[in-house]
Amino acid sequence: MVSSFHVRYNDFMTATQSATSQPPPSPDRLPHHVAIIMDGNGRWARQRGLPRAVGHRAGAKTVRQIVEECARIGLKQLTLYSFSTENWNRPPDEVTMLMELYVEYMKSQRQLLIDNNIQFVQIGRRQGLPPAVLAELANTLEATKTNTGMTLCLAINYGSRLEITDAVREIAAEVQANRLAPNQITEQTITDHLYTRGMPDPDLLIRTAGEMRISNYLLWQISYAELYVTPASWPEFTLDELHKALENYAARNRRYGGVDHSNT
C-alpha cells in the first residue's frame, strides 16, 4: 500500500525536476567550471512536515539531474559541496544516514557516470570517513579514471581553511627539507599543494536556499568566480534554475580587476 506521504513526495519531485523551459546559453558563453553549495535539504523537508532524511534523498535526486545536464551541455567540471568538516557536528543519526546515502549513490550512479563519460574525483580529507564510503569512492574513482568528458568533483569531509592549512604544512616541510626556498613560494606553489591541484578554478559559484555566505568552500579557488545565489532550496533546483544561473553568468562582463570598456 502506497502512503499518502509517498504520493505527495513523488508528485512534487516529478513536477519540480521535470520543469524546464529556459534553454542554457550558447556553448561559447558557458563557464568551464561550476561549483555549487547545495543548501536547503533540511529546510525543504521541514517546511513540508517531512523528516530531514527525506530532504537529503530529494537532494540526491537533484544531484543526478544536474550532473547529467551539466555533462550534456558541455561543462568541463562540476564541483559539489557535499559534506563539510563542520557537518560532523550534526546529529549522529543524520551523519550516519548521509554516509549511507554516499555509499548508495556511488553504487547506483556509477554506471551513469561511465555511460556519460564523466570522470569522478573527490576532494577533502579521507581520514574519518567510514570504510564503506572510502571503498565506494575508490571503486568509482577507478571505474571512471579513463573517462574524458566532464569532471564531477565531490567535496566530502572538506573545509577550505583545513585545505589551506594542509597546503601550508606541505610547503613548510619542503622548505625544512631544503627542497624549496621561502622566496621561491608563489601563488602557484600554494595552488599546487591544494586538494584541487591540477583543476581549473571555478568560473561560477552557485548557492541555493538564499544564504549569502561562502561557508568555508574553495576560498582560494573562487577568488575571481562569479557568484549566483538563488532562493530555491537544493531539492527545488530544477534544470530551469540551472539554466537561469548559467544565463546570468553569460550576461556578465568578467574584468578580473580591470576596467570595463564595454560602454565606452
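The values are calculated or read from the model by the stated rules, or taken from the named source; none is laboratory data. Quick caveat, the model's predicted, so the values are computed rather than measured. In this analysis, Cβ positions are derived from the backbone assuming ideal geometry, glycine residues included, and neighbour counts consider all displayed protein chains. Just so you know, the surface numbers come from the protein's heavy atoms only, side chains and all, with ligands and any DNA or RNA stripped out. Shrake-Rupley method; radii C 1.70, N 1.55, O 1.52, S 1.80 Å.
Could you count how many residues in the stretch 44-93 are over 20 Å from Leu137 (Cα atoms) and among the charged types (D, E, K, R)?
So the count comes out to 9.
Condition check: outside any helix (DSSP H, G or I), surrounded by 11 or more Cβ atoms within 10 Å (Cβ to Cβ) and on the phi < 0 side of the Ramachandran plot. Does Ala155 satisfy that?
In short, yes.
Give the residues of the stretch 22-38 that are small (Gly, Ala, Ser) and open to solvent by 20 Å² or more (accessible area, probe 1.4 Å), sorted by residue number.
Residue satisfying the conditions is Ser26 alone.
Report whether or not Thr148 is of a type in the set (Ser, Thr, Tyr) and over 21 Å from Thr85 (Cβ atoms).
yes
Within the stretch 81-136, how many residues turn out to be in contact with a Ser or Thr (Cβ under 9 Å, 6 or more places away or on another chain), small (Gly, Ala, Ser) and closer than 18 Å to Ile36 by Cβ?
Within the stretch 81-136, residues that are in contact with a Ser or Thr (Cβ under 9 Å, 6 or more places away or on another chain), small (Gly, Ala, Ser) and closer than 18 Å to Ile36 by Cβ number 2.
Please work out if Tyr228 is among the aromatic types (Phe, Trp, Tyr) and either assigned to a helix (DSSP H, G or I) or open to solvent by 80 Å² or more (accessible area, probe 1.4 Å) (or both).
no
List pairs: first residue in the stretch 165-180 and free of Cβ contacts under 8 Å to residues at least 24 places away in the same chain and among the acidic types (Asp, Glu), second residue surrounded by 13 or more Cβ atoms within 10 Å (Cβ to Cβ) and in a loop (DSSP other than H, G, I, E, B) anywhere in the structure, Cβ distance under 6 angstrom, at least six positions apart or on different chains.
Glu170/His193; Glu174/Leu180
Cβ-Cβ under 8 Å, sequence separation 6+ or interchain: first residue in the stretch 25-53 and more than 15 Å from Val63 (Cα to Cα), partner of a type in the set (D, E, K, R) and part of a loop (DSSP other than H, G, I, E, B). Which pairs?
Close Cβ pairs (under 8 Å, with a partner that is of a type in the set (D, E, K, R) and part of a loop (DSSP other than H, G, I, E, B)) amount to Pro31/Asp203; His32/Lys76; His32/Asp203; His33/Lys76; His33/Asp201; His33/Asp203.
Report, by residue number, each residue of the stretch 168-222 that is out of contact with any helix residue (DSSP H, G or I) (no Cβ under 9 Å at 6 or more places or on another chain), open to solvent by 30 Å² or more (accessible area, probe 1.4 Å) and within 21 Å of Leu75 (Cα to Cα).
Gly198, Met199, Pro200
Could you list all residues from the stretch 111-148 that are under 17 Å from the mean Cα position of the chain (by Cα) and under 17 Å from Cys70 (Cα atoms)?
If the condition is that a residue be under 17 Å from the mean Cα position of the chain (by Cα) and under 17 Å from Cys70 (Cα atoms), then Leu113, Ile118, Gln119, Phe120, Val121 are the ones that fit.
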